[in-house]
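Notes follow the structure.
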Amino acid sequence: MASTQHVVVMVSGRGRNLQALIDARAQGKLGPCRMTVISNRASAQALERARQAGLPTEVISHRAFDSREAFDTELARRIDALNPDLLVLAGFMRVLGEAFVSRFHGRMINIHPSLLPRHKGLNTHQRALEAGDREHGASVHFVTAALDGGAVIIQGRVSVEPQDTPEQLSDRVMSAVEVRILPQAVSWLLGKEIRLVDEAVVFCDKPLDSPLTLAHLTEPFR
Ligand code: GRF
């Protein structure tokens, strides 16, 4: 029987992506795994979702530290103690420093609401509208020290409609893409179907030329 893996999910906000992981796990789509949720904000709605699901939670407020490095150091210490197989940034709104990132290299992914490499950073939906993009979406990528710059595993696209507000576009990206690609990526990583080798994504032993897409979703995640 496959051994139980440990996924640590880091959150700051509403937790819709976390909920998708909670649901996928409850439905047995992720294989045998336990999940711990860490938030840098005690008031994050994501924490409530974790508690409802009976998951262990920890709060490590960045405000309690004098510097980014001190926060990162404590975060790394607490995560090391959990000995995770995979770290998932699911709406975690703090930039992590180089030391932290290299410690978890190849074991840490992030979901970003744009078609990377377009629109790194914040306010991606507003910026996609301002740029007149016809398509927008979200990406799951390995985390490297370059902000939103690591190798992309999978991304999904939606059309941008002429009347879209940033909120409408954001909701479409969340429901049509984010909550589908993140559980799929976690499943692939836990199943060792995806690995990071020489900064490139290797999928089923072949390096990817371009990110996987919604067309690659396996049956449980469609
Ligand atoms: C998502 O759009 C995610 O891509 C971005 O932050 C948002 C978090 O939303 N990094 P939620 O907390 O999962 O609801």
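Computed from the coordinates by the stated procedures, all read-outs in this text should not be read as laboratory data. Computed from a prediction, not measured in an experiment: that's the story for all the values here. Virtual Cβ from ideal backbone geometry, glycine too; neighbours counted across all protein chains shown.
Here the contact order of region 1-60, divided by its residue count and restricted to Cα pairs under 8 Å and six or more residues apart, works out to 40 percent. For residue 144, the residues 5 or more places off, or on other chains, whose built amide H falls under 5 Å of its own are 149, 150. Based on C-alpha pairs under 8 angstrom that are at least 6 apart in sequence, the chain has a relative contact order of 18 percent.
Phi angles across region 176-182 convert, under the Karplus curve 6.51 cos²θ - 1.76 cosθ + 1.60 with θ = phi - 60°, into 3J(HN,Hα) values of 8, 10, 4, 6, 9, 6, 5 Hz, Gly and Pro given as x. Taking 18 Å as the cut-off, the amide N atoms of region 99-117 that come nearer than this to a point 7 Å along the Cα-to-beta-carbon line of residue 198 belong to 106. Is the shape of region 63-120 rounded, prolate or oblate, going by the alpha carbon gyration tensor and its root eigenvalues a ≥ b ≥ c, with a/c under 1.5 for rounded and a/b larger than b/c for prolate? Here region 63-120 falls in the oblate category. The magnitude of the dipole of the chain, with charges of +1 and -1 set on the Cβ of Lys/Arg and Asp/Glu and taken from the Cα centre, is near 480 debye. For region 128-195, the dipole from Cβ point charges (+1 on Lys and Arg, -1 on Asp and Glu) about the Cα centre works out to 460 debye, to the nearest 20.
Name the shape class, rounded, prolate or oblate, that the alpha-carbon gyration tensor gives for region 1-133, where a ≥ b ≥ c are the square roots of its eigenvalues, rounded holds for a/c under 1.5, and otherwise prolate holds if a/b is larger than b/c and oblate otherwise. Because a/c hits 1.5 or more and a/b fails to exceed b/c, region 1-133 counts as oblate. What does the C-alpha gyration tensor say about the overall shape of region 40-94? Classify as rounded when a/c is under 1.5, otherwise prolate if a/b is larger than b/c, or oblate. Oblate shape, in that a/c is at least 1.5 and b/c is the bigger or equal ratio. For the chain, the calculated P(r), taken from all Cα-Cα distances in 5 Å bins from zero up to the bin holding the longest distance, is 1, 7, 15, 19, 21, 18, 12, 5, 2, 0, 0 percent. Once the Cα-Cα distance is subtracted from the 0.36 nm per residue extended length, the residue 78 to residue 45 segment shows a gain of 9.7 nm.
Each of 80, 133, 205 was scored by other Cβ atoms within 10 Å of its Cβ. Arranged with the fewest first, they read 205, 80, 133.
Based on Cα contacts under 8 Å between residues 6+ apart, region 44-143 shows a relative contact order of 22 percent.
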